[in-house]
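The values are calculated or read from the model by the stated rules, or taken from the named source; none is laboratory data. Keep in mind that what you see is a predicted model, and the values were worked out from it rather than measured. Quick reminder, even Gly has a Cβ in these numbers, built from the backbone with ideal geometry, and neighbours come from all protein chains shown. Ligands, DNA and RNA are stripped out before the accessible areas are found, and what is left, the full protein with its side chains, is counted by its heavy atoms. Shrake-Rupley method; radii C 1.70, N 1.55, O 1.52, S 1.80 Å.
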Amino acid sequence: MTREIDRTHDAQRTSWVESANSDDTDFPIQNLPFGVFRVGGGDTHVGVAIGDQVLDLRVLSERELLGDLDGDVARACRAPLLNELMALGPDAWQALRARLSELLSNDEERPVVEKCLVAMTDAAMVLPARIGDYTDFYASVHHATNVGRLFRPDEPLLPNYKWVPIGYHGRASSVVASGHAVRRPLGQRRPTGGEAPPFGPSELLDYEVEVGVFVGPGNELGAPVPVARAEEHVFGVCLLNDWSARDVQAWEYQPLGPFLAKSFATSVSPWVVTMEALAPFRAPAFERPAGDPAPLPYLSDGVDPRGAAVELVVEAYLETPAMRDRGVAPVRVSRASARDLYWTFAQMLAHHTSNGCNLRPGDLFGSGTVSGAERSSFGCLLEITRRGQEPLELPSGETRTFLLDGDEVILRGYCEREGYRRIGLGECRGRVLPATG
């Protein structure tokens with residue numbers, strides 16, 4: 001199932017929230033992403049981004065402005081996190097989106113709805129959901145090939161890559177909201193000669209540009225989700241930075257895969273852009289080269305590949321302490337598209353549940369690093385610098401092979417297509433703090 005384009009996507013639709021009509025906003029009325037915020041030390045509220053404002057859905061619901069939406073939707077809007085809304089499914093999400101679009105475009109209702117707005121500058125954003133489980137995939141064939149060549153030049157891709165969406169179970173407890181500082185992790189690194197492995201701060205700290213996917217309705221334990229219905233279980237997407245300690249990773253990852261090199265922090269952007277908002281930006285699934293195997297039936301049956309992917313651009317920016325001190329703007333170091341992922345979001349979710357694994361509302365999975373075929377589209381420093389062999393040159397005159405203390409990584413994402421309003425995902429920020437101990 002893919003969401004339909006309707007009147008909420010009309011490029012001519014405007015809002016009485018003037019900032020939402022600006023050409024450079026990430027949050028026009030055609031977007032309406034969901035997040036969770038608090039003002040001061042108050043309780044958390046569910047909100048929707050509109051221009052430079054947040055529409056407080058708890059207040060909106062308490063003032064009975066949701067129209068004829070049923071009690072489940074109203075209760076979910078008064079909840080402290082998005083899990084209850086995520087559990088309701090596409091019909092409820094579409095109905096709520098339609099009502100919000102009406103309220104924010106209708107001048108007659110402006111006087112009462114305007115009282116439910118909070119300036120973004122006054123809203124402290126928090127994690128949008130209670131994340132019970134987090135899984136990270138490895139869905140970019142360009143990234144997998146680039147990294148594979150660094151370690152296995154003659155055979156960069158392992159034999160299973162083009163048959164199965166590769167992933168690993170991550171650590172939900174260390175997922176943090178954008179703006180939360182990330183402390184350089186400690187860990188064991190590969191020893192030299194016959195010496196004991198050294199333990200200390202990671203010297204090869206990296207970021208990874210990913211798309212995060214939030215699960216909507218879950219599935220029962222033992223009941224796989226068919227790929228043709230997988231998107232009914234996807235609420236929306238965000239930006240995700242899978243921080244990685246490459247030297248720790250190189251020593252520990254065999255034979256069971258990533259562990260402490262990944263579990264110290266994962267940053268996500270605060271706004272979740274729904275699959276309904278992404279409807280105008282659907283794209284064909286990655287075109288597999290001749291000779292690549294076709295996806296197995298459980299990953300392809302009943303799916304039209306012509307609209308299975310999303311044309312979602314993701315960018316990474318870097319700001320060093322010296323750039324900050326001199327007023328030099330963060331520099332973009334990569335730009336890629338989720339359209340180039342070898343596996344779609346639906347295939348990832350269907351595969352995740354194919355063994356009967358149960359997902360729950362608010363569970364999160366990452367796409368894996370989003371990279372393209374060119375160096376300008378590589379989604380991490382491991383690829384860009386070829387494992388440190390080709391330093392990245394910055395406009396401040398500095399170079400980087402991997403991240404230094406004080407560096408800040410900023411991810412941005414957006415969708416644009418002729419005939420539709422550009423919509424954005426906002427930002428995902430994280431600054432590196434020195435290691436402790």
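Miscellaneous remarks
- Residues (open to solvent by 10 Å² or more (accessible area, probe 1.4 Å) and assigned to a strand (DSSP E or B)) located in region 271-286: 282
- Looking at 299, 240, just one residue is under 18 Å from residue 230 (Cβ atoms), surrounded by 21 or more Cβ atoms within 10 Å (Cβ to Cβ), of a type outside the set (Gly, Ala, Ser) and modelled with pLDDT of 95 or more, and that residue is 299.
Each row is one residue, and each column tells you yes or no for (1) outside any loop (DSSP other than H, G, I, E, B); (2) hydrophobic (A, V, I, L, M, F, W, C).
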site	(1), (2)
100	yes, yes
110	yes, no
115	yes, no
128	no, no
150	yes, yes
154	no, no
161	no, no
168	yes, no
179	no, no
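- Some residue of region 375-384 being in contact with a helix residue (DSSP H, G or I) (Cβ under 6 Å, 6 or more places away or on another chain), open to solvent by 40 Å² or more (accessible area, probe 1.4 Å) and assigned to a loop (DSSP other than H, G, I, E, B): no
- Restricting attention to region 404-421, the residues that are in contact with a strand residue (DSSP E or B) (Cβ under 6 Å, 6 or more places away or on another chain) and open to solvent by 60 Å² or more (accessible area, probe 1.4 Å) total 2.
- Of the residues screened, residue 232 is not one that is part of a loop (DSSP other than H, G, I, E, B), closer than 22 Å to residue 82 by Cα and over 15 Å from the mean Cα position of the chain (by Cα).
- In region 57-87, the residues that are open to solvent by 10 Å² or more (accessible area, probe 1.4 Å) and under 22 Å from residue 425 (Cβ atoms): 81, 83
- Region 112-132 residues that are among the charged types (D, E, K, R), paired with ones that are open to solvent by 40 Å² or more (accessible area, probe 1.4 Å) and outside any helix (DSSP H, G or I) (beta carbon under 6 Å, 6 or more apart): 122/39; 130/81
- Filtered residue count, region 1-22, keeping only those that are part of a loop (DSSP other than H, G, I, E, B) and of a type in the set (Lys, Arg): 2
- Strands (runs of 3 or more DSSP E) (entirely within region 23-91) containing at least 3 residues that are closer than 22 Å to residue 280 by Cβ: 45-50
- Qualifying position, being over 20 Å from residue 401 (Cβ atoms) and either open to solvent by less than 50 Å² (accessible area, probe 1.4 Å) or among the basic types (Lys, Arg) (or both), among 212, 193: 212
- The combined condition, being among the small types (Gly, Ala, Ser) and touching a residue at least 24 places away in the same chain (Cβ under 8 Å), is not fulfilled by residue 329.
- The residue pairs whose first member lies in region 337-360 and is of a type outside the set (A, V, I, L, M), whose second member is at pLDDT below 95 and outside any helix (DSSP H, G or I), and whose beta carbons are closer than 7 Å, counting only pairs six or more residues apart or on different chains, do not exist in this structure.
- Output for region 2-13, where each listed residue is farther than 13 Å from residue 95 by Cα and open to solvent by less than 80 Å² (accessible area, probe 1.4 Å): 2, 9, 10, 11, 13
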